[in-house]
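Data block below; observations after.
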Amino acid sequence: MTDQPSLHHQQVHQADFLDPKKSVIPTFSLLQQNGELYPTAEAPDLSKQHALKIHDTFLFIRALDERMLASQRQGRISFYMTEIGEEAADICSAAALKPEDTIFAQYREQGALAYRGFSVDQFMNQIFSNELDLGKGRQMPVHYGSKALNYVTISSPLATQIPQATGYAYGLKQDKKDQVVICYFGEGAASEGDFHAGLNMAAVLKAPVIFFCRNNGYAISTPTHEQFAGDGIASRGAGYGIKTLRVDGNDALAVYQATCLARKIAVEEPQPVLIEAMTYRLGAHSSSDDPSGYRSKEEESKWREQDPVARFSHWLIKQGWWTKEQEESSLAKHRKQVAEAMKKAEKLPKPPLETLFSDVYDELPWHLEEQLEEAKAHILRNPTAYPATAGRLVK
Amino acid sequence: MSKVNLLQAVNSALETAMQQDERVLCFGEDVGAFGGVFRATSGLQEKFGPSRCFNTPLTEQGIIGFAIGLAAQKQRPVAEIQFADYIFPAFDQLVNEAAKYRYRSGNEFDVGSLTVRTPYGGGINGGLYHSQSPEAYFTHTPGLKVVVPRNPYQAKGLLLASIADNNPVLFLEPKKLYRASTGEVPDEPYQLPLGKAEVVREGTDITLVAWGAQVQVIEEAADKAAELGISCEVIDLCTLLPWDRATLAASVKKTGRLVINHEAPKTSGFGAELAASLQEACFLHLESPILRVTGWDTPFPLALEKEYFPNALRTLDAIQSSMDY
C-alpha cells in the first residue's frame, strides 16, 4: 500500500505561483473595546460565575505584576516578567479548559496558573526562592510549576515545551483519557526548530494538543516583521495539516470561544489545533529590558486603548454583573494580599543545602553523596561565608 | 538460553519490556513497520500495534522532545536515534530538558522513565557521520545516566535495567558488534545493575579499562601482553554515568597501573575523567602515569580508519610503556 499522492492529481498547464500575500487569514473577534458585541457576533456560553472568576484573575494578575515589578526595581527580587496587555490570551484560554487538562507554558502565562488556583503565597515562595517554593529555589523568578494543578514546570529555553506537549498529549490519547494539552509560546519562539518538530509530529501522530501562540508583536526587541515574512503564525497551520484559527487576543470572549471549540476538536477527532492570538506586550520583555529603545510611546498608547481587561470589564458592567466600585475594591483587595504575602515570603529561609544535590537523580549516587559531604565540611569550616546554610548544618 | 547476536538481544529486551508494561512505547525514524535501519525494532509493530511502535517524522529534536513529554505523562518511552552522530539536534532536549526535568521542578515532574537508544562507534566504514562516540558530551550532564553494553547478554540485561530505571538513560549500542558479537542469552527477563563495572578478567600487573566495543580490543591486548608475561586485569565500565569508581580504584590499588581505552578523541574524552578521579583515589599506589589509548583528536576518518583506531597493538604499546616506566 502506498499513500504517495498521485502525480496526476489536479494538473495545471500554466506556472501559477502561489502568492501568500493574496490570502490573509482573518481574525476572529466578538467584543468591541466599549464592551459591546460586534453586530453579528454572539457571546459564548459563559456563566456569570465563570466570567467573574476570569475577571478576578485579571485583577489579581494586574496587582501581582505591578507589585513584583516594583519589588524588582527596589532590589527585593532579582528578576520579573509581567504579562500586562496579554491577560485575555492566557487566562481565557485556560478558562476554556478542564482542570485536568495539562498546561505547557512558555513563561508569560502566570494568569493561566492563577486561574487554576495557584495561591498568592505559592507565587511569592517561587519568586523569592524560599524553602517553601515547590521548585526548591532552583529557578529564577516566574519559572512556576505545579503537579497538583497540571501546570508543567517552565524552563527558560524557548520552544522546548512544544514537542514535549505533543508527546504528553499522545500519552493521554494512549490512556484513552478525554483530556487535552495546551501549549503556549510566543511568535518569536515559533522560529525555533522545536516549533516545527512539535507541530509536525502532533499532526502526523494525531495528538490532542492545542498550540496557543501569543503573537504579542515582539521577541524582546525584535518586531514581527524581522521574525517572519509570512502571514503570522496561523498561516503555518495549513502546511502541517492542522486546523487553525486566528483570534483577537485582547478579546476575552473570542479567546474563550476559540479555545472551547479547539478543545472539542482536539478531544473528539482527535487532532491538534493551532490558535494564534493577536495581542501586544504592553510591558517590557522582562525587568532587564527597556522598550523605549525599540518602539514608540505612540505605538504603546494605541495598544493601551485596546486593553483586554478594560474591555472585558465594560462587558461585565453592561451585563449588570459588575460595577466600577467593585472593580476598585477588588483591585485594592488583591494589592493588599500580594503585599502581605510578599512580606511573609521574603522572611522565609532559603532551601537547605541538601536541595542543591537532591533531585538530580531519583536517589543520590555515590559521587553526589561525596560532594554533599565535601560541601558541608567546607561550609562548616567557613560558616561566615555561607550565612544562608551554615547555621542549619549539623556538625 | 538462546544463542543470539547483540541486535537480537536488543530486540528481545524491547519485546520483553513491551510485553511486561503496556506503557513502554518504541519509536523513531524507520522504527515502525520496517523495524529500524538495523532491524532492532523488527516485529514489534506487528506484535504490539502501531500506537506502541511507530515511525516518527525525521526530526531528532522532535523525537526526544516528544519522548520527554511521554515520560512526563508517565508512559515509558524508548526512543531511537538512528545514529549517535545525529543526536545533536536533540542535544538541547537531552541536556537542558530531560536531564534537568526533576531538578528544576523540585520533583514535581520527572522524565525518569525515558530511555534513548542509539548506535554509536566506528568500524563500519562510516566516515565522519556514521562512526562517532559522543558519550563524553553526555557524561558531562548531571541528571543523565549513560550506559554501554559490550555483548548480547549485557545488551538485554542493561537495556531492561535502563528502561526500568527511574532516571533518563542514554543507551549507546556498539553497532560494529550488532551482528559480530554473539552469545548465550536467557530467554526470560533479567536486569543487570546500572552503575556497576564488570571485572572481565583478573590480573595482577596492570589494569585495562574500556566500554562497549573497545572491551574486546583491550582483551586482545591482554592476550598479547600475557605472551610477554604481563598479567592484565580487564574491566568493562558498563555504565559511564554514574561510574563505578570503587571497582576501578580497588583494581588500580592492586595493580598500580592503569591504561584506559576509548574510541572517542582524547581531549576531554571520558578517559580524562577516569584518569583524574583515579589518581585522586590511588595516588600512593600508582607505579606509573595513567595512560590513555584513544582515537586521535580529529574528526572520525574514512580511508585511514585503521590508523585512527585505538586498537590492541596501540594498547599493547601503552601497556609496555607503563610496565617499563
For the stretch A:81-111, give me each residue that is in a helix (DSSP H, G or I) and among the aliphatic types (A, V, I, L, M). A:Ala88, A:Ala89, A:Ile91, A:Ala94, A:Ala95
Quick one: B:Ala246 ticks every box in (1) free of Cβ contacts under 8 Å to residues at least 40 places away in the same chain; (2) more than 14 Å from chain A (Cβ to nearest Cβ) except a single one, so which number is it? (2)
Test B:Ala276 against the stated conditions and say whether it is of a type in the set (Gly, Ala, Ser), farther than 16 Å from B:Leu240 by Cα and outside any loop (DSSP other than H, G, I, E, B). no
Scan the stretch A:147-170 for residues that are surrounded by fewer than 24 Cβ atoms within 10 Å (Cβ to Cβ), small (Gly, Ala, Ser) and facing chain B (nearest Cβ under 7 Å) and jot them down. A:Ser155
Which condition does B:Ile64 not pass, out of (1) of a type outside the set (Lys, Arg); (2) away from every other protein chain (no Cβ under 14 Å); (3) under 17 Å from B:Leu170 (Cβ atoms), if it passes all the others? (2)
Inspect all residues belonging to the stretch A:299-312 and state whether any of them is in contact with a helix residue (DSSP H, G or I) (Cβ under 6 Å, 6 or more places away or on another chain), touching a residue at least 12 places away in the same chain (Cβ under 8 Å) and under 30 Å from A:Lys136 (Cβ atoms). no
Scan the stretch A:358-374 for residues that are in a loop (DSSP other than H, G, I, E, B) and at the interface with another protein chain (Cβ under 7 Å from one of its Cβ atoms) and report the count. 5
Of A:Pro20, A:Pro26, A:Pro5, which residue is at pLDDT 95 or above, surrounded by fewer than 16 Cβ atoms within 10 Å (Cβ to Cβ) and more than 19 Å from A:Val309 (Cα to Cα)? A:Pro26
Looking at the stretch B:120-141, can you tell me whether even one residue there is among the aromatic types (Phe, Trp, Tyr) and not in a helix (DSSP H, G or I)? yes
Given the structure, is B:Gly126 surrounded by fewer than 20 Cβ atoms within 10 Å (Cβ to Cβ) and assigned by TED's automatic domain parsing to the domain that holds B:Ala164? yes
Just wondering, is there one or more residues in the stretch A:119-136 that are closer than 15 Å to A:Ala345 by Cβ, of a type in the set (S, T, N, Q), in contact (Cβ under 8 Å) with a residue 12 or more places away in the chain and in contact with a Ser or Thr (Cβ under 6 Å, 6 or more places away or on another chain)? no
For the stretch B:87-102, check the following and say yes or no: at least one residue is on the phi > 0 side of the Ramachandran plot, part of a loop (DSSP other than H, G, I, E, B) and either within 10 Å of chain A (Cβ to nearest Cβ) or crowded, with 24+ Cβ neighbours inside 10 Å (or both). no
Scanning the stretch B:1-33 residue by residue, those free of Cβ contacts under 8 Å to residues at least 40 places away in the same chain and within 14 Å of chain A (Cβ to nearest Cβ) turn out to be B:Met18, B:Glu22, B:Gly32, B:Ala33
Flag for A:Glu299 being within 14 Å of chain B (Cβ to nearest Cβ), assigned to a helix (DSSP H, G or I) and of a type in the set (Asp, Glu): no
Test: residue in the stretch A:295-312 that is more than 19 Å from the chain's Cα centre (by Cα) and within 30 Å of A:Ala169 (Cβ to Cβ): yes
How many residues are part of a loop (DSSP other than H, G, I, E, B), touching a helix residue (DSSP H, G or I) at 6+ places or on another chain (Cβ under 8 Å) and touching a residue at least 40 places away in the same chain (Cβ under 8 Å) when one looks only at the stretch A:241-280? 9
In the stretch A:107-129, residue nearest to A:His334 (Cα to Cα) [restricted to those that are polar (S, T, N, Q) and out of contact with any helix residue (DSSP H, G or I) (no Cβ under 6 Å at 6 or more places or on another chain)]: A:Ser119
Within the bounds of the stretch A:53-60, is there any residue that is part of a loop (DSSP other than H, G, I, E, B) and surrounded by fewer than 23 Cβ atoms within 10 Å (Cβ to Cβ)? no
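The values are calculated or read from the model by the stated rules, or taken from the named source; none is laboratory data. The structure presented is a predicted model; accordingly, all values stated were derived computationally and were not measured. No Cβ is skipped: glycine too gets one built from the backbone with ideal geometry, and neighbour counts run over all protein chains shown.
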